[in-house]
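The next block holds one structure in the form of C-alpha cells; read it before the comments.
The values are calculated or read from the model by the stated rules, or taken from the named source; none is laboratory data. A quick note: this is a predicted structure, and the numbers were derived from the prediction, not measured. So basically every Cβ, Gly included, is an ideal-geometry build from the backbone, and we count neighbours across all protein chains shown.
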Amino acid sequence: MNVKEYRLKGYSFVNFAEYQKAKQETDSIEYIRTHTDLTDTKKVAKLYNSLIEKETFKTVIGFEFLKELQNILIDGGIITLDTIPWIRVGRTNTGLSQAGDKREESMAREYKIRHRNSRIINIFLVLIIAAMIVIRLI
C-alpha cells in the first residue's frame, strides 16, 4: 500500500490535516520573523510568553520555533531554563473533546445500523425482482 507523504522543512507528514496546520504555522513564523526584531531580547521575551500562554503552535515546526526563541532568551541571559515557561507538547484531553468523541461514536453506531438496514432492504428488493422475472418466464 502506498502512503502519501507531505513534506515541509525537513519533516514528513502522513496526515494531510497535520501538514496543513504545519504549513499555516510556517507562514505565521515567517510573518513573525519579518515583523519582529529577534535581536531585541525584551521583544522576544514578550513574544515567547504570549505564544506559550496562548498555545499558538501545535506542530513540530512551531515547537522548533519556540525552542529557538527559548534559546535566544537563555543565551541573552534574560532568563534561565529553570524560570522560563516550558513548551507544552502533546494534546490535552478536555471534557469537550471527550464529549465530542462520545457523540462521534454514537453517530458511527447509528450509521452502521442504517447501512445494515439499507443492505437488508436492497437484498429483499433484489429477491422480489428475481421472483418477478421467474414468474414472467413461467
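Determine the pairs where a residue that is outside any helix (DSSP H, G or I), located within region 34-60, has a partner that is of a type in the set (Lys, Arg) with Cβ atoms under 9 Å apart, the partner being 6 or more residues away or on another chain.
Thr36/Lys43; Asp37/Lys43; Glu55/Arg88; Lys58/Lys21; Lys58/Arg91; Thr59/Lys21
List the pairs whose first member sits in region 70-92 and is closer than 21 Å to Phe57 by Cα, whose second member is charged (D, E, K, R), and whose Cβ atoms are under 8 Å apart, counting only residues at least 6 apart or on separate chains?
Hits for this filter: Pro85/Glu53; Ile87/Lys67; Arg88/Glu55.
Give Phe65, Phe13 a once-over and let me know the one that is crowded, with 16+ Cβ neighbours inside 10 Å and touching a strand residue (DSSP E or B) at 6+ places or on another chain (Cβ under 6 Å). Write out each step before concluding.
Numbers: Phe65 fails: touching a strand residue (DSSP E or B) at 6+ places or on another chain (Cβ under 6 Å).
Just one listed residue meets the conditions, Phe13.
Considering only residues that are under 14 Å from Leu38 (Cα atoms), surrounded by fewer than 16 Cβ atoms within 10 Å (Cβ to Cβ) and of a type in the set (S, T, N, Q), which ones fall in region 68-86?
Across region 68-86, the qualifying residue is only Asn71.
Run down Ile52, Ile61, Ile87 and say which single residue is under 24 Å from Glu18 (Cα atoms) and either modelled with pLDDT of 95 or more or touching a Pro at 6+ places or on another chain (Cβ under 9 Å) (or both). Before the answer, list the steps.
On the way: Ile61 fails: either modelled with pLDDT of 95 or more or touching a Pro at 6+ places or on another chain (Cβ under 9 Å) (or both); Ile87 fails: either modelled with pLDDT of 95 or more or touching a Pro at 6+ places or on another chain (Cβ under 9 Å) (or both).
On inspection, the qualifying residue turns out to be Ile52.
Can you tell me how many residues within region 1-33 are over 14 Å from the mean Cα position of the chain (by Cα), closer than 29 Å to Ile74 by Cβ and either in a helix (DSSP H, G or I) or acidic (Asp, Glu) (or both)?
8
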